[in-house]
Amino acid sequence: MHERSDVISPEAAGSLAGLFRERVKRTPDAVAFRQFDTPSACWQTRTWAWVAQEVARWQAALLKEGFKPGDRVAVMLRNCQEWVIFDQASMGLGLITVPLYTDDRPDNIAYVLQDADARMLLLGGKAQWRRLQEVRDRLPTVQRIVSVEPIPTGDFPDDSRLVSLEDWTSGLDGELITHEIAADDLATIVYTSGTTGRPKGVMLSHRNILFNAHASQQCAPMGKDDLFLSFLPLSHTLERTAGCYMPMMVGAQVAYARSIQGLAEDLLTLCPTVMISVPRIYERIYGRINAGLEEKSPLARRLFLTTVNIGWRRFEHQQGRAGWHPGLLLWPILKKIVADKVTARLGGRLRYAVCGGAPLPPPIARFFIGLGLPVFHGFGMTEASPVVSVNRPDDNLPASVGAPLPGVEVSIGADDELLVRGPSVMQGYWNNPEATQETIDADGWLHSGDKARFDDQGHIFIIGRIKEILVLGNGEKVPPADMEMAITLDPVFEQALVLGEGKAYLSALVVLNPEEWEKLAKTLEVDPRDAEALRSRKVEKALLERVGVQLKAFHGYAQVRRLAASLEPWEVDGGLLTPTMKMKRHLIMARFQREIEQMYETHKNR
């Protein structure tokens, strides 16, 4: 593919710090970031020249601390321009950034800071400092803690390490510093939020990430006219590579969403052209639209469904997978009266809605694509910096995770495991050579842990996790993740975990959506506030019927026979989800051990 002259190549950048400096040099007066300013209640824009001045000022503060190249410094902020300023100030001095999730458990944060031997922690303010109080004495390596928002004195015990950002940078100025940094030098240590055991620190070099960002932007044209909406946490490598460094590489703007709760309003206000997300966001929008449809007339529902079906047929025709059909003549009018109203709620300008982190349920992909929203499903892992494959505008097969990035090799190993090799594969795990050897073999192949297959056109299809296949007592194998995804397509189910290893049948733990449960409870004539009603056989039977509808495409043996429901969501704070919203299966099962045992008791009392 021909390289556009306005894109900064990895060679021209040299390092991630060099990438930033080259962008400042090329387009100093262009807008870099848009961020909501609460005191003035308006969106502010910042140019690359302004950002460079701030980076230089922060570097002066870092130098005052006496940090040396190779020292680790940690950042625990929500997405904002300060996150990037700190990242660039640190990397320009040869420091190694360690990103942390703002909603991670305090004991996990303490573990990461100590394992990485982090010298400094940048955090948001009072709420995060409160969370860290229980582990404050377990941060022996941290010599400086800087809070972006001032923390009132007297609210917490004194800590000489704590200072506000304003005081930390007060009166400082200076020139932008860029140490000599080799492309293969370590840039960052990203701790994966493992579903079992302690997190492992993935070591990514400047070359790893520069290659990945550059290869990713080759898959779809983008540039100075694009606006990325950033809301997936920057501590997530997908957002950092594709939502921070890639826009920097192509000269696009980035706007930082205020919150997930305010996402709908931000989409309308900012009208982004690129959005990078995980399936849960699309699932929520899908659920809201479907819930709204229930209130409409049968005619309106039929019109909506017709629009989706014809829109999907049009997409398949454009992709060369289906012939022309007379129904396509209806698309312009259906687009105007139905589809445009939905896409307008997302800002009306989205060119790329990228989905990664987990599989996107095919019905949801079909739904959005049918309405004209360009959804591109991809696959990645932190250990690969992170993008491995993605669908392209001219080659979009939503059931797949696309074809590999240019320069990335893929192969199928034992147990149908997807193997990855290329310049974006990590250097290894920090302080953990044993885990590194288990994950990267002697030939340089990164073992993904995912089962996959390829089609004749080179698309990759993820079948499931190798370690997450359930083997029933009769030897039949079922993929719990696929079943859980199917179950949660019903809006009454917020979360689901399918069980049955070594058992005679499958069962499930489910978390219900409160509003949808209230509607269902009325039809069943039970009190939605009565905990006993939730555990009744009548309710279980009704919920199992709905699960059965969602699982009708699965084998006969892959059906759920028992179910235990609750209304309390599994959350990161409670330790049942990782910061990337993956379920910690063993901990959920331990928490609900009693309910699981009851589901597998003999049926004598039923």
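For this structure, a couple of remarks:
- Some residue of segment 338-346 being modelled with pLDDT of 95 or more, farther than 30 Å from Asp455 by Cβ, of a type in the set (Val, Ile, Thr) and loosely packed, with under 14 Cβ neighbours inside 10 Å: no
- Extreme residue, modelled with the lowest pLDDT, among residues of segment 566-594 that are more than 14 Å from Gln495 (Cβ to Cβ) and not in a helix (DSSP H, G or I): Thr580
- Qualifying position, being among the β-branched types (Val, Ile, Thr) and crowded, with 19+ Cβ neighbours inside 10 Å, among Val163, Val112, Val135: Val112
- Scanning segment 406-425 for residues being touching a residue at least 40 places away in the same chain (Cβ under 8 Å) and either surrounded by fewer than 24 Cβ atoms within 10 Å (Cβ to Cβ) or not in a loop (DSSP other than H, G, I, E, B) (or both) gives a total of 11.
- Residue in segment 190-207 that is in contact with a Pro (Cβ under 7 Å, 6 or more places away or on another chain) and within 24 Å of Ala12 (Cβ to Cβ) present: yes
- A single entry from Glu501, Glu597, Glu515 fulfils the requirement of being under 22 Å from Leu472 (Cβ atoms), part of a helix (DSSP H, G or I) and out of contact with any Gly (no Cβ under 8 Å at 6 or more places or on another chain): Glu597.
- Test for Ile177: is it outside the structural domain of Pro579 (by TED's automatic domain parsing), part of a helix (DSSP H, G or I) and either within 22 Å of Ser448 (Cα to Cα) or touching a residue at least 24 places away in the same chain (Cβ under 8 Å) (or both): no
- Helices (runs of 4 or more DSSP H) contained in segment 1-93 and holding at least 3 residues modelled with pLDDT of 95 or more and of a type in the set (A, V, I, L, M): 16-26, 48-64, 81-92
- Qualifying positions in segment 567-580 - out of contact with any His (no Cβ under 7 Å at 6 or more places or on another chain) and surrounded by 17 or more Cβ atoms within 10 Å (Cβ to Cβ): Trp570, Val572, Leu576, Leu577, Thr578, Pro579
- Ile285 passes every criterion in (1) within 28 Å of Gln217 (Cβ to Cβ); (2) aliphatic (A, V, I, L, M); (3) modelled with pLDDT of 95 or more apart from (3).
- Residue pairs meeting the criteria (Cβ under 8 Å; at least 6 apart or on separate chains; first closer than 17 Å to Pro569 by Cα, in segment 513-540; second hydroxyl-bearing (Ser, Thr, Tyr)): Leu534/Ser566
- Entry remark, segment 145-156: residues being in contact with a helix residue (DSSP H, G or I) (Cβ under 8 Å, 6 or more places away or on another chain) and either part of a loop (DSSP other than H, G, I, E, B) or basic (Lys, Arg) (or both) number 7 in total.
The values are calculated or read from the model by the stated rules, or taken from the named source; none is laboratory data. Keep in mind that this is a model prediction, so the values were computed, not measured. All Cβ positions, even for glycine, are placed from backbone atoms using ideal geometry, and neighbour counts span all protein chains on display.
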